[in-house]
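S.K.: Have a look at the structure that comes next, please.
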Amino acid sequence: MNVLVTGGAGYVGSITSEALLARGHRVVVVDDLRTGHRDAVPEGAAFVLADVADAELVGYALEEHRVEAILHFAASSLVGESMAAPLDYFDNNVSGALRLWRTALRHGVRRVVVSSTAALYGTPDEVPIPETARLAPESVYGETKLQLERALQWLATTAGVGSVALRYFNAAGASPTRGEDHRPETHLIPIVLEAAAGRRPKVAVFGDDYPTPDGTAVRDYVHVEDLAAAHVRALEILEPGVARAFNLGNGQGYSVRQVIDVAREVTGRDIVAETSPRRAGDPPVLVADAAAARRDLDWTPRHPDLRDIVATAWDWHRANPEGYGA
Ligand code: UDP
């Protein structure tokens, strides 16, 4: 299939582009490089430097590459930042995506797979969380992704759009050639590994008074290559006029302190951790019930073990201490 990947210079988007090419799909990446890295885009993919809201450049990419489906990763994705800059999040994640759908429909593209998030669930009533759980985001970031999913549901019934929203829990790990390089870095595992490498003095643990066994927040870490595989499957099962959503996680939660302990074990290095205040918008526990993805996407994570996830991230970090470079 000819696939347009927005955000294909980013972490999950670039590794999914790699997976699409390996499956024989053709890929054109659209990315404005506001957070992505040109060097992360796989060699076999075409590249268009553009904002997803740019109807002219995106329209050109759709026509030039005879695009049949869109994988939409391009978004702002930080819970804390979204609470500080809400309008930027609505603008980029909601308005930008709506302009992208408008361009897609104008060019006859009705197949989309989008990055969504466990942040849709807020503080869930039950854990592990099924897709049928109440959707009650506690952050602007989560709210923008909920609005994105709702727009796709209406476009299914009104315009025949077939979509799959993939609700990631915590993306982590690296492929042999691509990894996580956010500037500034805010995600737990890369921060812990920077501390292990001596590139930062310590790790701040955001909150130790959550209602969890050790008081620190619990997350379900899922390997980025397993996320990539789910996107390829989602593309292949899309049905016109149907909007679906799947959780992607391993069903196993780890606290911040447990992640730090695993990183100490994997790296053999000392890591200093210091308790800090909670971060706004962070729920105490997010763990996926991903039974639907296992069943309907035939999805089996190949790296369910946190040690393995951290080890792949550590390998990439050691091979690329400066990430994608200056
Ligand atoms: N976290 C932390 N210290 C850090 C970064 C993150 O304690 O320097 C915590 C954060 O509060 C959350 C978990 O680690 O409970 C995962 O955060 P991350 O930003 O990696 O992903 P998110 O859950 O926001 O998608």
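The values are calculated or read from the model by the stated rules, or taken from the named source; none is laboratory data. Only a predicted model underlies this, so the values are computations on that prediction, with no experimental measurement involved. Every residue, glycine as well, gets a Cβ built from its backbone with ideal geometry; the counts of neighbours run over all protein chains shown. With ligands, DNA and RNA removed, areas are computed over all heavy atoms of the protein, side chains included. Shrake-Rupley method; radii C 1.70, N 1.55, O 1.52, S 1.80 Å.
S.K.: Check segment 80-98 and report whether any residue there is aliphatic (A, V, I, L, M), assigned to a strand (DSSP E or B) and more than 25 Å from Val218 (Cα to Cα). Please lay out each step first, then the result.
M.R.: Initial filter on segment 80-98 (aliphatic (A, V, I, L, M)): 83-85, 87, 94, 97-98.
Next, only the ones that are assigned to a strand (DSSP E or B) stay: none.
No, segment 80-98 has no match at all.
S.K.: Something else: Quick check on Phe90: is it under 26 Å from Gln153 (Cα atoms), modelled with pLDDT of 95 or more and among the aromatic types (Phe, Trp, Tyr)?
M.R.: Details: under 26 Å from Gln153 (Cα atoms): yes; modelled with pLDDT of 95 or more: yes; among the aromatic types (Phe, Trp, Tyr): yes.
The answer is yes for Phe90.
One line per residue, one yes/no per condition, for (1) of a type outside the set (Asp, Glu); (2) assigned to a helix (DSSP H, G or I); (3) surrounded by fewer than 24 Cβ atoms within 10 Å (Cβ to Cβ):
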site: Leu4; (1), (2), (3): yes, no, no
site: Thr16; (1), (2), (3): yes, yes, no
site: Ala19; (1), (2), (3): yes, yes, yes
site: Gly24; (1), (2), (3): yes, no, yes
site: Val29; (1), (2), (3): yes, no, no
site: Arg34; (1), (2), (3): yes, no, yes
site: Asp39; (1), (2), (3): no, yes, yes
site: Asp51; (1), (2), (3): no, no, yes
site: Tyr60; (1), (2), (3): yes, yes, yes
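S.K.: In segment 294-311, which residue that is touching a residue at least 40 places away in the same chain (Cβ under 8 Å) and under 27 Å from Gly207 (Cα atoms) is most open to solvent (accessible area, probe 1.4 Å)?
M.R.: Arg307
S.K.: Inspect all residues belonging to segment 284-293 and state whether any of them is small (Gly, Ala, Ser), away from the ligand (no atom under 16 Å from the Cβ), surrounded by fewer than 23 Cβ atoms within 10 Å (Cβ to Cβ) and more than 30 Å from Gly162 (Cβ to Cβ).
M.R.: no
S.K.: Also, quick follow-up: Among (1) touching a strand residue (DSSP E or B) at 6+ places or on another chain (Cβ under 7 Å); (2) away from the ligand (no atom under 15 Å from the Cβ), there is one condition Pro130 misses while meeting the rest; what is its number?
M.R.: (1)
S.K.: Just one of the numbered conditions (1) more than 28 Å from Ala69 (Cβ to Cβ); (2) within 16 Å of the ligand (Cβ to nearest atom); (3) modelled with pLDDT under 95 is not true of Val205; which one?
M.R.: Only one criterion in (1) more than 28 Å from Ala69 (Cβ to Cβ); (2) within 16 Å of the ligand (Cβ to nearest atom); (3) modelled with pLDDT under 95 is unmet by Val205, namely (3).
S.K.: Could you count how many residues in segment 62-76 are assigned to a loop (DSSP other than H, G, I, E, B) and either over 14 Å from Thr6 (Cα atoms) or out of contact with any helix residue (DSSP H, G or I) (no Cβ under 8 Å at 6 or more places or on another chain) (or both)?
M.R.: 3
S.K.: Could I ask something else about it? Buried (at least 23 other Cβ atoms within 10 Å of the Cβ), aliphatic (A, V, I, L, M), within 12 Å of the ligand (Cβ to nearest atom) and in a helix (DSSP H, G or I): which single residue out of Val222, Val192 fits that description?
M.R.: Testing whether each residue is buried (at least 23 other Cβ atoms within 10 Å of the Cβ), aliphatic (A, V, I, L, M), within 12 Å of the ligand (Cβ to nearest atom) and in a helix (DSSP H, G or I) leaves just Val192.
S.K.: Taking interchain pairs and intrachain pairs at least six residues apart, which have beta carbon atoms under 9 angstrom, with the first residue in segment 237-262 and part of a loop (DSSP other than H, G, I, E, B) and of a type in the set (Asp, Glu) and the second open to solvent by less than 30 Å² (accessible area, probe 1.4 Å) and at pLDDT 95 or above?
M.R.: Short answer, once both residue conditions are applied: Glu239/Gly162.
S.K.: Report, by residue number, each residue of segment 105-119 that is farther than 17 Å from Ser77 by Cα and either in contact with a Ser or Thr (Cβ under 7 Å, 6 or more places away or on another chain) or not aliphatic (A, V, I, L, M) (or both). Don't jump to the end; show me each part of the working.
M.R.: Step one: of segment 105-119, the residues farther than 17 Å from Ser77 by Cα are 105-112.
Answer for segment 105-119, where residues must be farther than 17 Å from Ser77 by Cα and either in contact with a Ser or Thr (Cβ under 7 Å, 6 or more places away or on another chain) or not aliphatic (A, V, I, L, M) (or both): Arg106, His107, Gly108, Arg110, Arg111, Val112.
S.K.: Ok, one more. Suppose we keep only residues that are assigned to a loop (DSSP other than H, G, I, E, B) and open to solvent by 20 Å² or more (accessible area, probe 1.4 Å) within segment 263-280. Which one would you say is farthest from the ligand (Cβ to nearest atom)?
M.R.: Here the residue is Gly268.
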